[in-house]
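Only one structure is covered here, and it is reproduced in the block below.
The values are calculated or read from the model by the stated rules, or taken from the named source; none is laboratory data. All values reported here derive from a predicted model rather than from experimental measurement. Cβ coordinates were reconstructed from backbone atoms using ideal geometry, including for glycine residues, and neighbour counts include every protein chain displayed.
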Amino acid sequence: MIIIKNSEEIDKIRKACFIVAKVLEELKGYIKEGLSTKDIEKFIENLIIKMGGIPAFKGYRGYPASACISLNDQVVHGIPSEKVFIKDGDVVSVDVGVIKDGFYGDGAYTYGIGRISEEIKKLLIVTNESLYKGIEKAIAGNRVGDISAAIQNHVESNGFSVVRAFVGHGIGRSLHEDPQIPNFGKEKTGVKLRKGMTIAIEPMVNMGTHEVIILEDGWTAVTKDGSYSAHFEHTIAITDGEPEILTKL
Ligand code: MF3
Ligand code: CO
């Protein structure tokens, strides 16, 4: 069931998303070589709470931490650890969810640490661009498949692949609502977009093949071929004009 939000509800989602955006922005100056992924998670948790939010992922379906931190060949849902340290050249994807006044915000950003290769730079740029190509299609009257196809075309025309095993989603009083927003698909197919829909669009892009494996912890998704992966996510609202990016400062 797709839940259409009124302007008061969107305002609450906007407030949750503001905290997400602030956290992802602050991390640009914080994440450094030598920190553990647990240090990064603590920083995130403290900032969310300081801003009056609740970390949304902690306890969600048993997930044990306040953010997902996925390094290099980890695609999504990496669990922060005090034994894993950031190194020069790492690709660090951070996914943050916040609850504020009963509504969720969800966003992700991938940080390249220190000296990263040209190919990794391209992976980060193309993944982020693909998110914006999808957002451009998030217009009332278009269909979910228009978003999906725009993302897939941009990624594949740059020689990378789109992860199939995880998708974007509606968001509101729950972290995951209908409809699903795949990062692959065909134009002019799927659910029609309407004003008042709020959705999280989140391309996950691999340098090699799209296949992923889940590690024994039951959460961490890694690329099957060991290639690098990137993840960018925004929560947006469908309006009667341009989409509004809620997880943007
Ligand atoms: N952005 C991811 C999603 O929307 C984060 C969920 S992680 C979990 O699915 F820990 F909360 F499960
Ligand atoms: Co999400």
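When you go through (1) assigned to a helix (DSSP H, G or I); (2) buried (at least 17 other Cβ atoms within 10 Å of the Cβ); (3) in contact with a strand residue (DSSP E or B) (Cβ under 8 Å, 6 or more places away or on another chain) one by one for Ile49, which number turns out not to apply?
Here Ile49 meets the rest and fails (2).
Within region 173-211, restricting attention to residues that are over 17 Å from Ala138 (Cα atoms) and in contact (Cβ under 8 Å) with a residue 60 or more places away in the chain, which residue is nearest to ligand 1 (Cβ to nearest atom)?
Applying the filter and picking the extreme gives Leu175.
Looking only at region 155-171, count how many residues are more than 13 Å from ligand 1 (Cβ to nearest atom) and either closer than 24 Å to Phe103 by Cβ or touching a His at 6+ places or on another chain (Cβ under 8 Å) (or both).
Residues flagged as more than 13 Å from ligand 1 (Cβ to nearest atom) and either closer than 24 Å to Phe103 by Cβ or touching a His at 6+ places or on another chain (Cβ under 8 Å) (or both) within region 155-171 amount to 3.
I'd like the full set of residues that are touching a helix residue (DSSP H, G or I) at 6+ places or on another chain (Cβ under 6 Å), within 16 Å of ligand 1 (Cβ to nearest atom) and not aromatic (Phe, Trp, Tyr), limited to region 101-129.
If the condition is that a residue be touching a helix residue (DSSP H, G or I) at 6+ places or on another chain (Cβ under 6 Å), within 16 Å of ligand 1 (Cβ to nearest atom) and not aromatic (Phe, Trp, Tyr), then Gly105, Gly107, Thr110 are the ones that fit.
Do we find a residue being out of contact with any Asp or Glu (no Cβ under 9 Å at 6 or more places or on another chain) and under 30 Å from Gly52 (Cα atoms) anywhere in region 143-161?
No, because not a single residue in region 143-161 is out of contact with any Asp or Glu (no Cβ under 9 Å at 6 or more places or on another chain) and under 30 Å from Gly52 (Cα atoms).
May I ask you to list the residues in region 189-202 that are away from ligand 2 (no atom under 16 Å from the Cβ) and either aliphatic (A, V, I, L, M) or within 14 Å of Phe166 (Cβ to Cβ) (or both)?
Of region 189-202, the ones away from ligand 2 (no atom under 16 Å from the Cβ) are 189-196.
Within region 189-202, Val191, Leu193 qualify.
Go through region 14-44 residue by residue and tally those that are of a type in the set (Val, Ile, Thr), more than 16 Å from the chain's Cα centre (by Cα) and in a helix (DSSP H, G or I).
Looking only at that region, the number is 2.
Please go through region 135-174 and pick out each residue that is surrounded by 23 or more Cβ atoms within 10 Å (Cβ to Cβ), closer than 12 Å to Val205 by Cβ and within 15 Å of the chain's Cα centre (by Cα).
If the condition is that a residue be surrounded by 23 or more Cβ atoms within 10 Å (Cβ to Cβ), closer than 12 Å to Val205 by Cβ and within 15 Å of the chain's Cα centre (by Cα), then Ile151, Val163 are the ones that fit.
Tell me which residues, restricted to region 229-243, are of a type in the set (Gly, Ala, Ser) and away from ligand 2 (no atom under 16 Å from the Cβ).
Initially, region 229-243 is screened for residues of a type in the set (Gly, Ala, Ser), giving 229-230, 237, 241.
Matches in region 229-243: Gly241 only.
Suppose we keep only residues that are over 16 Å from Asp95 (Cα atoms) and within 12 Å of ligand 2 (Cβ to nearest atom) within region 175-184. Which one would you say is surrounded by the fewest Cβ atoms within 10 Å (Cβ to Cβ)? Outline the logic, then answer.
So in region 175-184, the residues over 16 Å from Asp95 (Cα atoms) come out as 177-184.
Now narrow it down to the ones that are within 12 Å of ligand 2 (Cβ to nearest atom): 177, 180-181, 183.
Values: Glu177: 19, Gln180: 16, Ile181: 25, Asn183: 27.
Only one residue fits best here, namely Gln180.
For (1) away from ligand 2 (no atom under 15 Å from the Cβ); (2) farther than 15 Å from Ser93 by Cβ; (3) of a type outside the set (S, T, N, Q); (4) surrounded by 19 or more Cβ atoms within 10 Å (Cβ to Cβ), each residue gets a yes or a no:
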site	(1), (2), (3), (4)
Thr127	no, no, no, yes
Glu187	yes, yes, yes, no
Met204	no, no, yes, yes
Val212	yes, no, yes, yes
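If I ask for residues that are part of a strand (DSSP E or B) and within 16 Å of ligand 1 (Cβ to nearest atom), which ones from region 218-240 would you list?
Passing the criteria: Ala221, Val222, Ser229, Ala230, His231, Glu233, His234, Thr235, Ile236.
Taking the options Gly141, Gly145, Gly134, name whichever one is closer than 21 Å to Gly170 by Cβ, modelled with pLDDT of 95 or more and within 16 Å of ligand 1 (Cβ to nearest atom).
On inspection, the qualifying residue turns out to be Gly134.
Looking at region 60-79, can you tell me whether even one residue there is within 16 Å of ligand 2 (Cβ to nearest atom), without any contact (Cβ under 8 Å) to a residue 24 or more places away in the chain and under 18 Å from Leu175 (Cβ atoms)?
Yes, region 60-79 contains at least one residue that is within 16 Å of ligand 2 (Cβ to nearest atom), without any contact (Cβ under 8 Å) to a residue 24 or more places away in the chain and under 18 Å from Leu175 (Cβ atoms).
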